[in-house]
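Read the structure below first, then the notes.
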Amino acid sequence: MADVSIRMSTADAQQCLDEIRVGTLAIKEKLIELYEGRGWEALGYDSWRACIQAELKVGTSQAYRLLDAAYVEKELSPTGEKVKESQARELAKAPEGKRAEMLAKAKESAAAQGRAQPTAKDIREAVDSG
């Protein structure tokens with residue numbers, strides 16, 4: 001997580017929200033930016049959750065799933081790996097630093113079953129087996 005002493009300005013937070021709304025940048029990256037930059041505080045909200053619910057009309061569970069997916073993709077970014085939200089949810093359960101390994105393990109399992117890509121279930125099984 002980012003240093004909590006770093007704060008977004010109101011203008012930066014509003015611009016971030018605007019970009020999320022219109023989809024000019026990847027929503028996952030913008031969610032991390034708003035979350036880590038504590039943009040919700042700059043906009044007068046008591047929490048990130050309250051901001052997301054009021055401004056984006058996204059349910060709390062969905063918002064946190066998207067945020068988890070964003071962090072997973074951020075960790076996998078050196079490999080350029082992109083994952084579906086359902087896959088990211090399962091990878092988020094793996095210890096940080098082990099997610100690429102768990103994804104590789106799930107890919108091997110999928111390939112052994114004649115599938116090109118792993119399912120969320122493949123990833124869950126890889127994470128569960130460690």
Note, ³J(HN,Hα) from phi for the range 120-130, Karplus 6.51, -1.76, 1.60, rounded to Hz, x at Gly and Pro: 4, 5, 4, 5, 4, 5, 5, 5, 5, 7, x
Going from most exposed to least, what order do D46, D122, D12 have by accessible area with a 1.4 Å probe? D46, D12, D122
Please report the accessible area of T10 (heavy atoms, 1.4 Å probe, ligands and nucleic acids excluded) in Å², nearest 10. 80 Å²
GNM flexibility winner over the chain from V83, V58, V72 (Cα, springs under 10 Å): V58
Out of the range 39-130, which GluC sites (Glu not before Pro) are coil in DSSP terms and have no more than 10 other C-beta atoms within 10 Å? E96
Computed over the chain, the relative contact order (Cα-Cα under 8 Å, seq sep at least six) in percent reads 16 percent
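With every protein chain left in place, what is the accessible area per residue of the chain in square angstrom, probe 1.4 Å?
In whole numbers, the chain has 57 Å² accessible per residue.
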E29 paired with K93, simple spin-label distance in nm, labels 7 Å along Cα-to-beta-carbon: 3.0 nm
Size descriptor, Kirkwood hydrodynamic radius, that averages inverse alpha-carbon separations across the chain, Å: 15.7 Å
Which entries of K57/K107; K84/K121; K30/K82; K74/K105 show an alpha-carbon separation above 23 angstrom in the structure shown? K57/K107
Top of A116, A104, A70 by mean-square fluctuation, Gaussian network on the chain, Cα under 10 Å: A116
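The values are calculated or read from the model by the stated rules, or taken from the named source; none is laboratory data. Note that the structure is predicted; figures quoted are calculated from it, not measured. Every residue, glycine among them, receives a Cβ derived from its backbone with ideal geometry; neighbour counts consider all protein chains shown. To get the accessible areas, we keep the full protein, side chains included, count just its heavy atoms, and leave off ligands, DNA and RNA. Shrake-Rupley method; radii C 1.70, N 1.55, O 1.52, S 1.80 Å.
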